[in-house]
Amino acid sequence: MAANFWNSSHYKQLLDPEEVEVVHDLDKERGISIDDFKLIKFHMSNHIMKLAQHIKVRQRVVATAITYMRRVYIRKSMVEFEPRLVALTCLYLASKAEESIVQARNLVFYIKRLYPDEYNKYELKDILGMEMKVLEALDYYLVVFHPYRSLSEFLQDAAINDVNMNQITWGIVNDTYKMDLILVHPPYRIALACIYIASVHREKDITAWFEDLHEDMNLVSHSSKS
C-alpha cells in the first residue's frame, strides 16, 4: 500500500463532481435519473453500514467497502451490477484489503438473517463470482485513504478536548460516506470540513487555528457543502 496519499492510486483517481454524477446509458434506458442514482447509492451505503454492525467489523472496513461500491458505479451500470450484490461483495473485498477478513459464508448467513424475504437469493457462489467483476471494475486499485487519520492529528493539533465536539466530528466523517466526497476530495480536506461543521455546531471559535494551516478555506467550505 502506498505510504503517502499524494503518491497513491487513490489520489490519481480523484474526480470532478461532474464525473461522479453521471448515470450510465443502460440505467437511463431503465428510467433511472440522477436523483435515483444518488438515492440508490445512499441506501447501499446504509445497507453496508447496517450489515457491518452485525458482523462487527472495524469502521475502516465499512468506509473502504462503501468507497469501492461508489467507485464501481463510476464505470458500471446498476443494470449490469446489481447494487445489493455489489454491496455485499464490496464489504467482503474490503475486509480482505483491510486485513480484517470476513468469511463470505458469514455474509450470506447474516444477510439472510437480516432480510429473510428480500435478500435471501444471494449465495456464496454469487459473492465469489461478483468479486472478480468488482476487482476488474476497480482496475484492481484497492488502496483507499480515509479522513480518520488526518482527523485525529488535526483534533490533537487544534487542542480540541471537547468530548462532545470530538464525537460530533467523528460522526460527521462517518456520514460523509453517504455521499461521493471520498471520490472527489482529498481525505485531509474532508477531515477539515468536518471539523469546521462541528465547530459551527458547537459554537467553538477555531478560526485562528484554521488560518495557521494556510489551507484554502474556500475549498474546505466547498467540501462541507458537497
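Of all residue pairs spaced 6 or more apart or on separate chains, those with beta-carbon atoms under 9 Å, a first member in segment 122-141 that is closer than 23 Å to K12 by Cβ and a second member that is of a type in the set (G, A, S) and in a helix (DSSP H, G or I) are D139/S9; Y141/S9.
Residue count for segment 54-100 satisfying the condition of being open to solvent by 10 Å² or more (accessible area, probe 1.4 Å) and touching a residue at least 60 places away in the same chain (Cβ under 8 Å): 7. Of all residues in segment 1-33, those satisfying the criterion of being open to solvent by 40 Å² or more (accessible area, probe 1.4 Å) and among the small types (G, A, S) are A3, G31, S33. Of a type in the set (S, T, Y), touching a helix residue (DSSP H, G or I) at 6+ places or on another chain (Cβ under 8 Å), part of a helix (DSSP H, G or I) and under 19 Å from V184 (Cβ atoms), is that true of Y92? It is false that Y92 is of a type in the set (S, T, Y), touching a helix residue (DSSP H, G or I) at 6+ places or on another chain (Cβ under 8 Å), part of a helix (DSSP H, G or I) and under 19 Å from V184 (Cβ atoms).
The values are calculated or read from the model by the stated rules, or taken from the named source; none is laboratory data. What you are looking at is a predicted structure, and each value in this text was computed from that prediction instead of being measured. So basically every Cβ, Gly included, is an ideal-geometry build from the backbone, and we count neighbours across all protein chains shown. With ligands, DNA and RNA removed, areas are computed over all heavy atoms of the protein, side chains included. Shrake-Rupley method; radii C 1.70, N 1.55, O 1.52, S 1.80 Å.
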